[in-house]
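Asks: Handing you this structure, nothing more for now.
The values are calculated or read from the model by the stated rules, or taken from the named source; none is laboratory data. Values in this document were obtained by computation on a predicted structure and should not be read as measured data. Backbone-built Cβ (ideal geometry, glycine too); neighbour counts: all protein chains shown.
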Amino acid sequence: MPSFSLDDDSVVVIVGSGAGGGTMARELTRRGLKVVLLEAGRRESTETFSQHPGTAFGQLTWLEPRSQSGTWGPAMTQPSLPAWHCRTVGGTTVHWTACSPRLQAYELRARSTYGAVPGASLADWPIDYAELEHWYDAAEKRLNVSGTHGNPAMPANNNFKVMYAGAKKLGYKQVHTSRLAINSRPKDGRGMCIQQGFCVQGCKTGAKWSTLYAEIPQAEATGRLDLRASCIATRIEHGADGRVNAVIYRDESGAEHRQKARFVCVAGNAIETPRLLLMSESARFAKGLANGSDQVGRNYTHHMTGFIWGVFDKPVHSWRGITQSGVIDDENINDPKRGFVGGYHLEVVTLDLPTLPLVGLPYGWGREYASVIDNYRNLAGMLVNGEDMPRSDNRITLSKTVKDGFGNPTAHVNCDEHTNDIALRAHAQAQGKKVYEAVGAKQVLFGPTPPATHQMGTARMSHDPAEGVTNAHGQAHEVPNLFMSDGSVFTTPGAANPTLTIVALVLRQADYIERQLKARAI
Amino acid sequence: MTHSNNDAVNRRAFIHGATGVLTGVLGALSPLSAFVPGRAWAVSMDALSTQDAETLMSMIRTIAPHDGLDPAAYAYVAKAIDKEAAASSDAKTRLADGLRSIGADFSIRDEATRVQRLRAVEQTAFFQGVRFKTLLVLYDNPVSWAHFGYEGEAFSKGGYLQRGFNDLHWLPEVPASAAGPNPVG
């Protein structure tokens, strides 16, 4: 791997090696650009992944505490952990469950479709589904998404059999083993799925797509990628012309370095990306880099989620096999007669025994609580994934109370649930309960809202520089050589798990960057 | 008058309460029984007296009552709490005070009484700390996994492709319209 000079201003600096940054690294290096990829976490591998959940959690998770405020669940139940995402080479693609649905056309037109929702900052995306369709095709082929482009669907595991039988009894029609970025057969040099059930601890066969082994090594093979792991960006600098020209970062020893850059792609996720922009304030950008709109950090969304557990009197063995092994898509529509706008997916989920009581079950203790765990063999589970309303004051700011090891403020997350979110979750959990009761569940429990695993919206795209941070290509309105290449560009969240859309947008953004470079526009 | 060395040690231990110990005998089918001669085990405490350790064990069992779960699993939790308490004399005092607050006779009272006494302290940091450690540790050891049927790591065993990932037969099979083929057939 080359080691580019800190003074080489022909390199592109990418911050973050996850779905956005890792894919962008491959896209830019194959186009002939030199890339310095800064990743705050360490480089693990399929060999070092651990299938002891506690160990894996410590190994892969962004553990630096943050501060929180607001009425949403984790602000009270997990005060220093508003979000569960990764800090490792490959980013959150290391622990994701590979769920890869597309956004629906109406979800990209949330404001036009849902109307004005008081207390929400709805807006239409500056791109429509027709524009994105080609890139979704490309992303699905890139990720080998099951059930698309000739990739077989995954087989049904026990947990999904329970969902399927109950869903059909209720009259649901769009019930299947999910669109998953998992190899059902060996492909692209990666193994096939052997149904281990430790997707969330890092896939030890490499069957699950992750930039760690599906994008970054390919970028390295060009000879143009300089991956600097355990290096966290702390500031982006700009010149008098307002263009970014360097990224300051700290390495593993804490030493500070300044890497010159031709242009910068920020892909730290929708919490760390706005944090970095806010920390990069200057005389010219007094509210934070590229933040003339004051929208950096605002409109933070994370999907409305909640667990549903069915307790049966016969074994399910739900931990065997793919963690997110199926879905009901019927409710991914806009039908205000249900009492809310936007829709949701009901996604099969399981939790290993050590994690279940910590994250999956509602607060409790004593005999009734213990009886649920006594039935661990007989549990089936699902997770709601629904559209939450963006709100101007649901936002990431710099914490006034918590600092990182370098004395920099960490992120503060403020999140108040909207009444639409509450109504959506109540409907979804009630429907999930009916699914399990239809096939004989003797008890159904609703688990708490866990820390957010999807982060979106905090540098939203808009045609209007007063309404959004980035344009329709994820390019900062105010800084032409600064791009956001992660979920922070999502104008609204829709109900789809975000990774496929992040990859589609990055593939499109890389194509745009190439054209801009050729036209000498950046 | 002289005392034997043993008497002096025991009296110091009695005064400082630092040689508490939990003991038990593993169930015959315990996964650990191969490693424990005679199946008898003892866990020494660094912060708690035997009396307090027994109260703690009983508190943990009241928080998470699983009939038939080998007490060795609960001992893992007690050990973890004791270790944390040994880290500072403040922590040790807080834990001892908390255990005293639920009554020195806690472990011999019936379940309804024990639950009632814990409800009375449910809002305290003491109770919430013990509850959290119980959830963190009780379900994360081989004794518990064997009891609850959790099968642990799967990679070294080839995953579940041929070990029952789809062996549920009390519901119909999923048709081909909704799922893909089983790669192994």
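Asks: Among the residues that make up the range A:97-116, is at least one of them of a type in the set (S, T, Y), away from chain B (no Cβ under 14 Å), buried (at least 21 other Cβ atoms within 10 Å of the Cβ) and under 30 Å from B:Q162 (Cα atoms)?
Replies: In the first step, residues of the range A:97-116 are kept if they are of a type in the set (S, T, Y); the result is A:97, A:100, A:106, A:112-114.
Then drop every residue that is not away from chain B (no Cβ under 14 Å), which leaves A:97, A:100, A:106, A:112-114.
Next cut, buried (at least 21 other Cβ atoms within 10 Å of the Cβ) only: A:97, A:100, A:114.
Checking which are under 30 Å from B:Q162 (Cα atoms) leaves us with A:97, A:100.
Yes, because at least one residue in the range A:97-116 is of a type in the set (S, T, Y), away from chain B (no Cβ under 14 Å), buried (at least 21 other Cβ atoms within 10 Å of the Cβ) and under 30 Å from B:Q162 (Cα atoms).
Asks: Now for a different question. Can you tell which of B:G185, B:G164, B:G159 is modelled with pLDDT of 95 or more, over 21 Å from B:S49 (Cβ atoms) and out of contact with any helix residue (DSSP H, G or I) (no Cβ under 9 Å at 6 or more places or on another chain)?
Replies: Exactly one of B:G185, B:G164, B:G159 is modelled with pLDDT of 95 or more, over 21 Å from B:S49 (Cβ atoms) and out of contact with any helix residue (DSSP H, G or I) (no Cβ under 9 Å at 6 or more places or on another chain), namely B:G159.
Asks: Consider A:S178 carefully, then state whether it is part of a loop (DSSP other than H, G, I, E, B), buried (at least 24 other Cβ atoms within 10 Å of the Cβ), out of contact with any helix residue (DSSP H, G or I) (no Cβ under 7 Å at 6 or more places or on another chain) and not assigned by TED's automatic domain parsing to the domain that holds A:Y136.
Replies: yes
Asks: Here is a list of conditions, (1) among the aliphatic types (A, V, I, L, M); (2) at the interface with chain A (Cβ under 9 Å from one of its Cβ atoms); (3) over 11 Å from the mean Cα position of the chain (by Cα), and B:L136 meets all of them except one; can you say which number that is?
Replies: Failed condition: (3).
Asks: Only one of these conditions is not met by B:V115: (1) more than 27 Å from B:G68 (Cα to Cα); (2) within 7 Å of chain A (Cβ to nearest Cβ); (3) not in a loop (DSSP other than H, G, I, E, B). Which number is it?
Replies: Going through the list (1) more than 27 Å from B:G68 (Cα to Cα); (2) within 7 Å of chain A (Cβ to nearest Cβ); (3) not in a loop (DSSP other than H, G, I, E, B), B:V115 breaks only (1).
Asks: Are any residues in the range B:146-185 surrounded by fewer than 18 Cβ atoms within 10 Å (Cβ to Cβ) and polar (S, T, N, Q), and if so, which ones?
Replies: If the condition is that a residue be surrounded by fewer than 18 Cβ atoms within 10 Å (Cβ to Cβ) and polar (S, T, N, Q), then B:S156, B:Q162, B:S177, B:N182 are the ones that fit.
Asks: Could you grab me the full set of residues in the range A:112-130 that are free of Cβ contacts under 8 Å to residues at least 60 places away in the same chain and either more than 28 Å from A:A423 (Cβ to Cβ) or not aromatic (F, W, Y) (or both)?
Replies: Passing the criteria: A:S112, A:A116, A:P118, A:D128, A:A130.
Asks: Of the residues in the range A:430-468, how many are hydroxyl-bearing (S, T, Y) and under 28 Å from A:S318 (Cβ atoms)? Walk me through it before giving the result.
Replies: The first filter runs over the range A:430-468 and keeps only residues hydroxyl-bearing (S, T, Y), leaving A:436, A:449, A:453, A:458, A:462.
Now restrict to residues that are under 28 Å from A:S318 (Cβ atoms): A:436, A:449, A:453.
Total satisfying the criteria: 3.
Asks: Is there any pair linking a residue in the range A:27-45 that is outside the structural domain of A:V247 (by TED's automatic domain parsing) to one that is modelled with pLDDT of 95 or more, with Cβ under 9 Å and at least six apart or on different chains, and which?
Replies: If the second residue must be modelled with pLDDT of 95 or more, no pairs are left.
Asks: Restricting to strands (runs of 3 or more DSSP E) lying wholly in the range A:377-442: which have 2 or more residues that are small (G, A, S)?
Replies: Answer list for the range A:377-442: A:379-386.
Asks: Considering only the range A:183-229, how many residues are away from every other protein chain (no Cβ under 14 Å) and surrounded by fewer than 17 Cβ atoms within 10 Å (Cβ to Cβ)?
Replies: Of the residues in that region, 5 qualify.
Asks: So, one more: Would you confirm, using the coordinates I've provided, whether B:L161 is assigned to a loop (DSSP other than H, G, I, E, B), within 9 Å of chain A (Cβ to nearest Cβ), touching a Lys or Arg at 6+ places or on another chain (Cβ under 6 Å) and without any contact (Cβ under 8 Å) to a residue 40 or more places away in the chain?
Replies: Taking the combined requirement at face value, the residue does not satisfy it.
Asks: Next up: Looking only at residues in the range A:389-413 that are touching a Pro at 6+ places or on another chain (Cβ under 6 Å) and either crowded, with 19+ Cβ neighbours inside 10 Å or more than 29 Å from A:D294 (Cβ to Cβ) (or both), which one is nearest to the other protein chains (Cβ to nearest Cβ)?
Replies: A:V413
Asks: Determine which member of the set A:A438, A:A510 is in contact (Cβ under 8 Å) with a residue 40 or more places away in the chain, of a type outside the set (S, T, Y) and either surrounded by 24 or more Cβ atoms within 10 Å (Cβ to Cβ) or over 26 Å from A:G288 (Cα atoms) (or both).
Replies: Step by step, each of A:A438, A:A510 is checked, and only A:A438 is in contact (Cβ under 8 Å) with a residue 40 or more places away in the chain, of a type outside the set (S, T, Y) and either surrounded by 24 or more Cβ atoms within 10 Å (Cβ to Cβ) or over 26 Å from A:G288 (Cα atoms) (or both).
Asks: Taking the conditions exactly as written (in contact with a helix residue (DSSP H, G or I) (Cβ under 7 Å, 6 or more places away or on another chain), facing chain A (nearest Cβ under 10 Å) and crowded, with 17+ Cβ neighbours inside 10 Å), does B:V143 satisfy them or not? Can you show your working first?
Replies: Details: in contact with a helix residue (DSSP H, G or I) (Cβ under 7 Å, 6 or more places away or on another chain): yes; facing chain A (nearest Cβ under 10 Å): no; crowded, with 17+ Cβ neighbours inside 10 Å: yes.
Judged against the criteria, B:V143 is not a match.
Asks: Just to be sure, is A:T92 β-branched (V, I, T) and within 24 Å of A:L132 (Cβ to Cβ)?
Replies: Numbers: β-branched (V, I, T): yes; within 24 Å of A:L132 (Cβ to Cβ): yes.
Yes: the conditions hold for A:T92.
Asks: Modelled with pLDDT of 95 or more, closer than 23 Å to A:I502 by Cα and among the polar types (S, T, N, Q), is that true of A:S399?
Replies: No.
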